[in-house]
Amino acid sequence: MCLSGYLSNALGRACLMLLIGILVHGLCHGQSLDIQPPQLTERQPPLTDFPVKQTLRLVEHGVLPNTGQDALPAVRQVIAKVLKQNMATKLVFEPGNYRFSSMKWREYAIQLNGAKDLIIDGQGAAITMTNPECGVFQISQSQRVIIKNFSVDYDPLPYTQATVTAFDLDNRWFEIKVDAGFPLPSEPFFKTARRSWGALKDPNVPARLKDLSEGGHVMVQQWDDLGDRRFRLHAQKTAIYNHMAIGDKYIHLARTSIAQHFHADECTDLTALNLTVYASPASSFAANSCDRFSVIGCQIRIKPGRWHSSNGDGIHCQRNRTGPWIENCLIEGIIDDPTNIYSMRSELIEQVDEHTLKIKAKKPRTFKTPDAIGKPLILLNNRTGQIISSCTIKRIVDQDQTVLVQVTEPLPQNLHITDSFDSDVAFVGYNLSRDFVIRNNTYRLSQRHLIIMGGQGLIQGNTFDQISGPGVSILNHNRSRNEPESLLTGDLIIRDNTFVNCDFGPFAYHPKQAYGCLFLGSKTWDQKPGEQQLIGRVLIENNTFKNIRKAGINLNSAHDVLITGNRFLSDAQTPLDPDTSHAAIMMDNVSRVKITHNQLQDSRKLTLIQKTQSVTDMQLHDNKVNQP
């Protein structure tokens, strides 16, 4: 039956009174609500090929596969010659295995600085990295570069894998036995790793976090070597023991943030094509301050017998002038964010005069001249999540650790500039990672969430399967001075995606409310919902949400949203989370929202819509609940 019929039949049922109140309040009668559509920018497709003037085969320069010897010195010699020639070149590897060993500590094996018109084709070659603190490809200040058809693994691995053999909640320790073939936690690279932590995993499903477990981020204060590959780990957080059991799998990282598999800085038209990653000391793919970075047909895979793949984010994109294009990829076994797209805020030091701010510049490229001249400087109230103003940058003066930024319009008076977490902050309007495309990918068996903090984007045709947090989080977000992620989402199309068994971990937006399989919201520095409706012009269309634990869609601090043609389907065996509220669609601080032609099929006590009194201008039409 349609939703209106469902409501009329349900009058008088006390258990549905909340739903009735929710649906009646804010409903538009007799007129259609005019929703502003998303405004997406047409952009160039990814660079996947181009004509070259020469093709060089490494075998002709003495670089041979399957020798068991270090191939890196010879590879570097050939690449150095190619870069000096400044000619459009295709560099071709023969299929087989290449060991890369002669890297310095925390160095990248292949470094391309200032490359132009270069294709490196592995033809299926496999690279084995023998230093678990080093990355593979580093590309900086380059244009029109394609790296394709390689796989990468590490020996030794940059993490260990073990089985829980005992635990003691009262004394806050658990014992593990390291699986055969994995390095011991006593290896030096665990001690020198910049970040070393662990996660408890489902013993029956490789890489999957256990249901409701808070063991996704286990900080170990110390460990005792008990011999025979056995270790006692001391972790003080009580909650990690609540769902622990003997036989659980445990992963402990030796994470080195500067050793990604593929790292790019300040590049234009750069593509990772058909690359496969089995292990990485940090993020698998990372791009900072790039324009048109693409990840096409790549895979981050769990090898048989392993419960883990990459030590960091699957794809990590920061301060890009144009957001990434990610298509036809498989990403699984990630212990952090499967994908993270965001901009970079800057701390205000002093308001010099009515047109000038002194701003902290740990990374001066955030204010690169001439890129920033003529672009907006956006000031954000970090306490309320509200935009204070947007001024046009006129002049920049670099002062080493700070920059003076002069704007054309008068600055607001009485900016809140302090040395604490709640200080006002600034964003530059040319590197907000907008115009991204995430299409036809599979994300599965990973922790946390795919987190997007850039607007004007397309998320279409993806599958999000068994992600412990939301499949997708769309955020305006400031976590603290030391976590400078966020700003300006909106103009989004989220279409034809499938969310399966997501948000089953303890990932609450605030107490007793879920994030949801798809979360859109704004936060202040102390994690409270933002007051301003910063997320606008969003189309959520023809998505399928299966086996909802908390919420299908959770919408906060947004305006002009159309939710249409979505299906919310759950079987009776899927448990509802006992610690949060539940609904197919949750809303708070939302205006101008139209919800039409959606279907809820659920035999559990899951309502279609749950909203607060702050939701205004809502229209419902032809939604169906539990229709055979």
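Numerical summary
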| quantity | calculated |
| --- | --- |
| Rounded to 10°, Cα long-axis angle of helix 72-85 versus longest principal axis of the chain | 80 degrees |
| Mean ellipticity per residue at 222 nm, deg cm²/dmol - from DSSP H runs of n ≥ 4 across the chain, formula -39500 (n - 2.57) | -1500 deg cm²/dmol |
| Descending Cα extents along the principal axes, segment 329-384, whole Å | 51, 31, 19 |
| For segment 159-253, alpha-carbon Rg and Dmax in angstrom | 12.1, 33 |
| Average silhouette area of the chain, convex hull of alpha-carbon atoms, in square nanometres | 30.3 nm² |
| Ordering of 37-47, 306-316 by burial proxy (mean other Cβ atoms within 10 Å per residue, highest first) | 306-316, 37-47 |
| Lysines whose Cα lies under 16 Å from that of LYS368, excluding same-chain neighbours fewer than 8 positions away | LYS358, LYS360, LYS394 |
| Cα centroid separation, segment 277-315 to segment 450-473 (Å) | 16 Å |
| Calculated P(r) tail over 11 Å for segment 77-123, as whole % of Cα pairs | 74 percent |
| Centroid-to-centroid separation of segment 526-551 and segment 61-115 [C-alpha atoms, Å] | 45 Å |
| Rg/Rg_ref, segment 367-491, where Rg_ref = 2.2 N^0.38 Å and atoms are Cα | 1.25 |
| Centre separation in Å (Cα based) which lies between segment 156-203 and segment 394-447 | 38 Å |
| Unit Cα scatterers, Debye sum, segment 346-428: log10 I(q)/I(0) for q = 0.22, 0.27 Å⁻¹ | -1.03, -1.55 |
| Debye-sum result for segment 205-327 in log10 I(q)/I(0), which assumes one identical scatterer on each alpha carbon, at q = 0.10, 0.12, 0.14 Å⁻¹ | -0.43, -0.59, -0.74 |
| Ranked packing of 322-332, 598-608, most packed first, by mean Cβ within 10 Å | 322-332, 598-608 |
| Packing-based order for 442-451, 560-569, using average beta carbon neighbours within 10 Å, highest first | 442-451, 560-569 |
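No lab work stands behind these numbers, since they all come straight from the coordinates. Note that the structure is a prediction, hence the values are computed from the model and not measured. As a convention, Cβ positions derive from the backbone with ideal geometry for all residues, glycine included, and neighbour counts pool all protein chains shown.
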